[in-house]
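A.B. asks: First the structure, which I've put down as structure tokens, then a few questions once you've had a look.
The values are calculated or read from the model by the stated rules, or taken from the named source; none is laboratory data. If you're wondering where the values come from, they're calculated on a predicted model, not measured in any experiment. So basically every Cβ, Gly included, is an ideal-geometry build from the backbone, and we count neighbours across all protein chains shown. The accessibility values were calculated without ligands, DNA or RNA, using every heavy atom of the protein model including side chains. Shrake-Rupley method; radii C 1.70, N 1.55, O 1.52, S 1.80 Å.
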Amino acid sequence: MIMVPYIEVWCFLLVVCNCFVSGSFSSEKLLAELQLADLDLADACDALSNGLKSGILKGDFKEKIEADNDYGTLLRAWSENFKTYEDIPTDVQKNYTYFIKPGDGLLPEKDWNTLASYHNSNEEVISVAKVPCANNSEGCLFTKTEYQSIMKTSKDVDFLKATWISWQHVFGTNAEKYISVLELVKKAATLNVIQDLVVLSQIAREILLRVGPNNNVVNPEFVVKQQIANLFPLVALMTFENEDVVSYWEYLNDFSGAYSQAKEFWEEIKPLYFKLHGFVRTRLNNYYKINETAEIPVYLLDRYLEVLFIILISLKTHNFFPIEATLYILPLPIYHNGNNFGNDWSHIANVILPHPQLHYDVETFLKYKNLPDIYKLAQNLTQSVSLGGLGDRFWSNSKFNMSYCRPYIFSYCSEDYSEVYDCNIPSWTTYLNAHETAFKIALRNQDYLSLMRLNLRYSGVDEAIATLGPLLAIESIHYHGVKTVGDVKDESIKMTKLLLTALKFLPQLAYYLAADEWRLSELDHPSENVATSWWKLRGEYQGVKGATGAERDFVREGYITSNKPYISKFFGIILAFQFVQYYRSQMADPDGNIAFEFGNDPNFLSMVRDRSTTDWPYLVTLNYGFDISASHLLEYFKPLEQYLVEAPLEQVPVITTTTTTTTTTKSTTTTTTPVSITKSKDVARERISLNISQSATGVQSDQPKVNNTISSPNGGETDKSNVSMYVGVGLLVLVCCTLVGVFSYRHLRRRRRRTNNRRFES
């Protein structure tokens, strides 16, 4: 009788322990499943890279389509598997959510395969298409590479227009199918909401019990909606407003209210953009000798990008100040921006810079470099910001002798490295693109196991770090060893750097917002002619125009054909300028290398490390204490505004330098004068010959080719007394190499053992 109470207590304790053990086992199983899912995604990452590489090299994207289809199957399978879990631990909640709601990955097999096939078929057309030459000569065809070259170099307006139009025609059939592919966004939005209903259904039942008929509530369903809206605002909006794509894309960006915020930012940035817009158009007019008269054909008048802003000024207390400004926008035909979408005006920098000396000096510097050299410069920056280098396998596997000029990144997540394929034609634009690519790869190198999971969302922080590549490349020109004729502190050089930065980034902001707004508008209120609505919106945001207004060039854009939103890229640019201004305000020397400020700040490194576990807007606030704002970008470009008004219309002539070197031998003294740096045809010819020979033989240097040869000061043989020094250095190097070899061998053995057992350990 005395033992009965104790038996009840022991039974209670056993039940509690059993629940605890069961819950603990369930949590351990979930963690193991999450690790296995990451490993599966790593395998899919490798397959996708191999498929893309095969498509680029062979012109056949069949392998890439199969890899995409398998990837979709994998996402659906893991999503179904994770539905069975309850009481998810807080520390893995975000990772769990990635798999339970993988965005478009929830589309049924048929729809997912349609999306993958459509996107890849357009990529295949771009890679293999040949179109008739603009003069319609019999047997004359040009490829994508030749098209790119024409768009960047031709000065013939009619030829540019005809070339651009002919290239758009190759996408005719695929363009007709686009709207049906875009409609899949609605279905994906609905499917992701259904996943939330599993959680919401229990909450709804509990609320109904509290507000049912017995409690004299007139409209209990309305109360349920209100209660759920308070707990899950985005989910409630999508659930009850039916297929809200705006909320869905904002959800994938981890940023509630992103589009309304972006529109507010754009209203702040727009006056600056259209000042740049007018500045560019005026100089293109001047360069191509076009007069703004009534007799000019409309397609020529339209090709110039201008805001004629008229400022009415008033005189008050002997000071002039603006009291009213009116903007008149005349669109620039897209085929004269140097690229297909008019979202990067770096290609026309040599045409519109009032003080082109800095640009000329950089281009001259790059003429004597190859692309690996530029990536070596970019790697110096990634190391300065503490993102690390690009990795040995990047250098041993990347190819810089391709026939096309576009950086393709291939990431191998299971082997922890990325490589790039590109052409070896250094220029201002490839200099900027190489830095952006290097920062993307350095960021991927931080954590390949989480890479594919992170790719299920769109992070403004990731886009900001990628933007820092070209932004810091412009900021750090002089730290890259570029010698300029003028003083680096000269006002014209400072303004030129600001203008080069504006040409790179401001057009992107306009394009990203226009592309997303157009798609959202088509989903909400479909238009009778998608091409007309496309160019109308681009005219409003970008001030650009096609040749006829009927071209459907949007099918050339990978983000559009794969139904991905651009909004994270929009915020990424704004955030990058916020970071730069933040660190610049802390610098003792404003002309110092700002890259080191990033690398020395533990908050920056913390933000990079925690990207996979925390929403990016909160991550920025947590580490920096500020919310995203457009004011820092406007502050950055504030000194440029007056320059855009007062800069000379005619370009200031560049100064070319001819250096004289004296080489002295024991018997004779000779003076040699190198060819002027403006005469670079022989250098270019040698580079082209080198490219051809590399392509033919398949030989590819693993490391950037840097000339380390230093001639003897006396021009003769090295003094024999140095022999003993060289022998000593040689022995020291041999010992170091031996130690490094032994260490590397042991490291590889340990790594191989660990890599092969990752699934077994999970």
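A.B. asks: Check which residues have an amide H placed less than 5 Å from VAL544's amide H, if you skip close sequence neighbours.
C.D. replies: Placed amide hydrogens put LEU332, GLY539 under 5 Å from VAL544.
A.B. asks: Excluding HIS355 itself, what net charge comes from residues whose Cβ is under 15 Å from its Cβ, given Lys and Arg +1 and Asp and Glu -1?
C.D. replies: -3
A.B. asks: Here is the link list: LYS186/LYS545; LYS62/LYS83; LYS367/LYS440; LYS186/LYS536; LYS399/LYS497; LYS376/LYS440. Which ones come out longer than 21 Å on Cα distance?
C.D. replies: In this structure, LYS186/LYS545; LYS62/LYS83; LYS367/LYS440; LYS186/LYS536; LYS399/LYS497 lie more than 21 Å apart at Cα.
A.B. asks: Counting only Cα atoms, I'd like the Rg/Rh figure for the stretch 555-658, Kirkwood definition for Rh.
C.D. replies: Expressed as Rg/Rh, it is 1.10.
A.B. asks: Taking amide H positions as placed 1.01 Å from N in the peptide plane, with prolines and chain starts having none, which residues 5 or more places from TYR417, or on another chain, fall under 5 Å of its amide H?
C.D. replies: TYR412
A.B. asks: Taking all protein chains as present, what is the carbon and sulfur share of the accessible area of the stretch 409-477, in % to the nearest whole number, probe 1.4 Å?
C.D. replies: Percent of accessible area from carbon and sulfur atoms in the stretch 409-477: 40.
A.B. asks: Moving on. Starting from one equal scatterer on each C-alpha and no solvent at all, send me the Debye-based log10 I(q)/I(0) for the stretch 515-616 at q = 0.12, 0.14, 0.22 Å⁻¹, two decimals.
C.D. replies: -0.64, -0.74, -1.15
A.B. asks: Mind giving me the nanometre distance, one decimal, between the label points for PHE596 and ARG393, set 7 Å out from Cα along Cα→Cβ?
C.D. replies: 3.3 nm
A.B. asks: In whole Hz, with x marking every Gly and Pro, tabulate ³J(HN,Hα) for the stretch 487-493 from phi via Karplus 6.51 cos²θ - 1.76 cosθ + 1.60, θ = phi - 60°.
C.D. replies: With the stated coefficients, the stretch 487-493 comes to 5, 4, 8, 5, 4, 5, 6 Hz.
A.B. asks: Report the label-to-label distance for LYS29 and ILE655 in nanometres (one decimal), using points 7 Å from each Cα along the Cα→Cβ vector.
C.D. replies: Result: 7.6 nm between the two label points.
A.B. asks: How many Å² of accessible area per residue for the stretch 547-639, probe 1.4 Å?
C.D. replies: 37 Å²
A.B. asks: Here is a follow-up. I want to check the label-to-label distance for LYS489 and LEU454. Put each point 7 Å from Cα in the C-beta direction and report it in nm to one decimal.
C.D. replies: 4.0 nm
A.B. asks: May I pose another question? What does the stretch 464-570 give for Rg and for Dmax, in Å, if only its C-alpha atoms count?
C.D. replies: Considering the stretch 464-570 through its Cα atoms, Rg and Dmax are 18.3, 57 Å.
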